[in-house]
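**Q** I have a structure here, written as structure tokens, and I will follow up with some questions on it.
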Amino acid sequence: QVQLVESGGGLVQAGGSLRLSCAASGRTFSDYAMGWFRQAPGKDRRFVAIISSSGIATGYADSVKGRFTISRDNAKNTVYLQMNSLKPEDTAVYYCAARRGQHSAVAANYADWGQGTQVTVSS
């Protein structure tokens, strides 16, 4: 099991930027693919971005492509989500998740989750 702690959320105006971090502990971080998901009020948890265990492969939801960048530092056991050109529709609780093996855009494939960090984008 991997323990995950997100940070970096907050309130930002439309067009602004935030950088989320997710610190992992408990297992060998470099064995795990990582994902970012988000959940807005009244909606299901949805895929945002994924990164392979090595960091070579990444993937993004169409709604964030070109604005968000996922990265990881295996020496620091941390995955990041750089969010630029934020829009009010990006408002949600953002979660990081970990799974051994292949990265996946399907939330149900992830066994370990953080507690989430709130991102609010004002218009």
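The values are calculated or read from the model by the stated rules, or taken from the named source; none is laboratory data. From a predicted model like this one, the values you see are computed outputs, not experimental measurements. Cβ sites come from the backbone with ideal geometry, for glycine too, and all protein chains shown count toward neighbours. To get the accessible areas, we keep the full protein, side chains included, count just its heavy atoms, and leave off ligands, DNA and RNA. Shrake-Rupley method; radii C 1.70, N 1.55, O 1.52, S 1.80 Å.
**Q** Go through the residues of the range 10-23 one by one and say whether even a single one is among the β-branched types (Val, Ile, Thr) and either loosely packed, with under 14 Cβ neighbours inside 10 Å or under 16 Å from Ala107 (Cα atoms) (or both).
**A** no
**Q** While we're here: Only one of these is within 25 Å of Thr120 (Cβ to Cβ) and buried (at least 17 other Cβ atoms within 10 Å of the Cβ): Arg46, Arg67, Arg38. Name it.
**A** The match here is Arg38.
**Q** Something else now. Taking the condition of being of a type outside the set (Ser, Thr, Tyr), in a strand (DSSP E or B) and either touching a helix residue (DSSP H, G or I) at 6+ places or on another chain (Cβ under 9 Å) or open to solvent by less than 40 Å² (accessible area, probe 1.4 Å) (or both), how many residues in the range 114-123 meet it?
**A** Qualifying residue count for the region: 2.
**Q** Among the residues of the range 81-110, which ones are closer than 19 Å to Ser52 by Cβ and part of a helix (DSSP H, G or I)?
**A** Hits for the range 81-110 are Ala107, Ala108, Asn109.
**Q** Report, ordered by the first and then the second residue, all pairs with beta carbons closer than 6 Å, sequence separation of six or more or different chains, a first member in the range 81-104 that is more than 13 Å from Met34 (Cβ to Cβ), and a second member that is open to solvent by less than 50 Å² (accessible area, probe 1.4 Å) and aromatic (Phe, Trp, Tyr).
**A** So the pair list comes out as Met83/Phe68.
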